[in-house]
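Report on one structure; see the data block that follows.
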Ligand code: PDD
């Protein structure tokens with residue numbers, strides 16, 4: 001395997017960053033995850049724009065424009081002989097002696113990229129069965145709209161899911177479901193209206209969420225971007241989550257409550273299909 005580290009391609013095993021990288025010491029960095037299927041990057045425009053936004057919010061310079069970034073991804077895939085891949089892009093503020101404020105003379109941002117095989121049929125098989133989720137308090141900070149590498153609460157929430165035999169965790173803040181540990185949360189009400197938490201500081205504005213909203217509209221489905229409670233979710237006709245790596249993933253149980261008849265719902269299935277056709 002080959003990784004990209006600050007301008008060069010290196011064997012994955014020897015791909016290192018310095019111990020005083022601010023990403024390592026302060027989680028002072030941002031990232032993106034996107035999926036490539038058959039050599040085509042899903043929703044790349046959205047992922048690139050969100051990367052720019054995250055960098056901007058942290059007052060970090062963009063280390064690379066869109067075209068060269070795409071060229072690096074292509075080369076990374078070529079060197080790893082991948083057609084279907086999960087691509088990870090990370091940019092940190094750089095290396096400097098440990099001190100909380102930004103390095104006074106600036107630092108060279110450190111950009112790394114990895115790619116690994118992504119199995120679409122495995123994802124489709126999971127979607128055909130649907131997944132379970134649990135719920136936990138959302139203990140994250142007030143700017144989760146920035147896609148930073150500071151993911152410890154997300155790690156703990158996902159670990160709790162794994163230990164409960166579930167795929168994800170609904171995060172609950174002030175009584176409402178914000179999103180999941182690494183995906184956006186959706187429900188469908190009795191009239192077939194799709195509901196998902198509005199954008200703002202308490203969710204990551206998912207690129208898949210955005211494309212799924214556009215797909216829903218094309219399918220003549222109504223979408224309401226509003227907060228919903230955990231109780232509302234448990235009583236919903238359908239539930240699902242969206243992310244670059246899960247596309248549209250039907251949810252069949254929340255905690256101990258079965259959703260609908262315990263099978264993936266028809267709306268989630270239609271949306272998943274539409275998303276897969278539209279996003280690339
Ligand atoms: N996670 N919410 C959170 C907290 C996320 O970490 C993610 C993505 C999403 C969905 O965003 P998108 O549709 O743009 O992938 C929502 C990625 C996949 C990850 O951390 O691996």
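Going by what's in this entry, would residue 239 be described as in contact with a helix residue (DSSP H, G or I) (Cβ under 8 Å, 6 or more places away or on another chain), more than 15 Å from residue 177 (Cα to Cα) and not assigned by TED's automatic domain parsing to the domain that holds residue 34? No, not satisfied. Looking at 107, 115, just one residue is within 16 Å of the ligand (Cβ to nearest atom) and within 22 Å of residue 10 (Cβ to Cβ), and that residue is 115.
Just so you know, in region 229-263 the residues that are under 11 Å from residue 194 (Cα atoms) and more than 16 Å from the ligand (Cβ to nearest atom) include one that is surrounded by the fewest Cβ atoms within 10 Å (Cβ to Cβ), and it is 237. Any residue at all in region 152-166 that is closer than 26 Å to residue 32 by Cα, at pLDDT 95 or above and not in a helix (DSSP H, G or I)? Yes, region 152-166 contains at least one residue that is closer than 26 Å to residue 32 by Cα, at pLDDT 95 or above and not in a helix (DSSP H, G or I). State whether the residues of region 201-214 include one that is within 18 Å of the chain's Cα centre (by Cα) and farther than 23 Å from residue 42 by Cβ. The answer is yes; a qualifying residue exists. Just to be sure, is residue 86 within 16 Å of the ligand (Cβ to nearest atom) and closer than 30 Å to residue 264 by Cβ? So residue 86 passes the test. If you go through region 212-224 and keep only what is out of contact with any strand residue (DSSP E or B) (no Cβ under 6 Å at 6 or more places or on another chain) and either over 20 Å from residue 266 (Cβ atoms) or surrounded by 21 or more Cβ atoms within 10 Å (Cβ to Cβ) (or both), you end up with just 215.
Exactly one residue out of 214, 185 is in a strand (DSSP E or B), in contact (Cβ under 8 Å) with a residue 40 or more places away in the chain and either within 16 Å of the ligand (Cβ to nearest atom) or closer than 17 Å to residue 138 by Cα (or both), and it is 185.
The values are calculated or read from the model by the stated rules, or taken from the named source; none is laboratory data. These numbers come from a predicted model, not from an experiment. Every residue, glycine as well, gets a Cβ built from its backbone with ideal geometry; the counts of neighbours run over all protein chains shown.
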